[in-house]
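None of the figures in this text is laboratory data; all of them are computed from the coordinates on show. All values derive from a computational prediction rather than experimental measurement. Every residue, glycine among them, receives a Cβ derived from its backbone with ideal geometry; neighbour counts consider all protein chains shown.
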Amino acid sequence: MTRWITITFLGTAAGTPTRNRSLPSILVSDARRNILLDCGEGAQHRLIQSGLSVCRVDIVLITHLHGDHVFGLPGLISSMALLGRTRDLIIVGPPGLRDMLSSSVKFLGSLPFKTFIIEVDPKESIMKIIEDSELEIYCTEARHNITDIAYLLQWRVPLGKFRPECAQRLNVPTRYWKALHVGEKVVLENGKVISPEDVVELRRCGPFRIVYTGDTSPCESVIELARGADVLIHEATFSAEEDPACIWPQGHSRTIDAAEVARRAGVRILILTHLSARYEGMEDKLLQEARSVFRNTYIANDLDKYYIEIYP
């Protein structure tokens, strides 16, 4: 089972790169998979700098089709092909993603791996798009000037120490142990219901959640998606000093807007990214603005890594 989640910020700029910030891209890794959140230009170079081969990316989640969030993807796919990748690649994004990729990679010829492109258009409702035995990925629509998708990554994690002696005493077959360990009730063949607390020394309630917004002004759909999340990664393109009447119609947020979303959603940690070049060198000021609303806030820099233990 997964023990650690690593969040690596590959690019944290907004719109255009700066001397210290590349275009938006974030890598989320667990023991089994690597998930890329957006893929701005330079993402594969930052992947190499962070010590990960581009061929080890398993899933790409694109929030929207503005160039700073997606123009690195054709180059990433090209490098994967040149390096002989054979594993399947899953790419998720808004309507139009398939056409964009088809036109940009058609000159590569036949790829040595399969790409599964999933276009989603959730229209503010929360929908599940990917599920396996440990991870579920959900999405909803954020509020930008084109369709923008916010993503929720949710890991089923053990609630505590599994007690096999209790499971054996209750005659629970081993095939049910994993489900119980991650918090699911099971029904035995004789109709008896076994609850997690019957066989697990409970230490944690519920799954582990990371939410990423892409570009957005503050909106209820993101608050609902982020409700009770462990980590919220929210754009903070502008300072609190800017007029929201100008910022929100652009589909962007100020530092205090992101912090208010985090406060209302009841998240544990807020990480700000997508910073405008106009604030280069002013990160301390931006951080204090956000912390005046939500104290447990951090600002991401390129190649920052956050290591999070998701169960003891």
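For I118 and E165, FRET efficiency with R0 = 45 Å and r from the beta-carbon atoms, rounded to 0.05?
Values: r = 43 Å, r/R0 = 0.96.
Efficiency for this residue pair is about 0.55.
Scanning residues 5 or more positions from V157 or on other chains, those with amide H under 5 Å from its amide H are F208, with H placed 1.01 Å from N in the peptide plane. Note on the chain: GNM, Cα springs under 10 Å; of N301, N171, N34, the largest mean-square fluctuation is that of N171.
How about segment 160-250: which GluC sites (Glu not before Pro) there lie in a loop by DSSP and see at most 10 other Cβ atoms within 10 Å? Present the calculation step by step, with values, prior to reporting the outcome.
On the way: sites: E165, E184, E189, E197, E201, E220, E224, E235, E241, E242; in loops: E184, E189, E241, E242.
Hits after loop and neighbour filter: E189, E241.
Mean residue ellipticity, 222 nm, helices only, the chain: the sum of -39500 (n - 2.57) across DSSP H runs of n ≥ 4, divided by residue count and rounded to 500, is -6000 deg cm²/dmol.
Determine the distance separating the Cα centre of segment 275-312 from the Cα centre of segment 11-62; give it in Å without decimals. Here the two parts' Cα centres lie 18 Å apart. Classify segment 180-312 from the C-alpha gyration tensor, please: rounded if a/c falls under 1.5, else prolate or oblate depending on whether a/b exceeds b/c. Verdict is prolate for segment 180-312.
Segment 92-167 and segment 217-245 have Cα centres lying 20 Å from one another.
Straight Cα distances below 24 angstrom link K192 to the lysines K161, K178, with same-chain residues fewer than 8 positions distant left out. Placing +1 on the Cβ of every Lys and Arg and -1 on the Cβ of every Asp and Glu, with no other charges, gives the chain a dipole of roughly 1100 debye about its Cα centre. Ordering S29, G11, P95 by the projection of their Cα atoms onto the charge dipole of segment 8-129, which places +1 on the Cβ of Lys and Arg and -1 on the Cβ of Asp and Glu, puts S29 at the extreme positive end. With the simple model of a label 7 Å out from the Cα in the direction of the Cβ, N301 to Q49 spans 1.2 nm. The label point for E189 and the one for Q250, both projected 7 Å from the Cα toward the Cβ, are 6.5 nm apart. In a Gaussian network model over the chain where Cα atoms closer than 10 Å are linked, find which of T63, T140, T16 has the largest mean-square fluctuation. Ranking T63, T140, T16 by mean-square fluctuation puts T16 first.
Cross-link partners for K106 among the lysines, with Cα-Cα distance under 24 Å and sequence neighbours closer than 8 places in the same chain left out: K114. The label-point distance for R56 and T86, in a model that sets each label 7 Å from Cα toward Cβ, rounds to 1.9 nm.
Loop-located trypsin sites (Lys or Arg not before Pro) in segment 75-170 (DSSP state not H, G, I, E or B) with no more than 16 neighbouring Cβ atoms inside 10 Å: R87, K114, K123.
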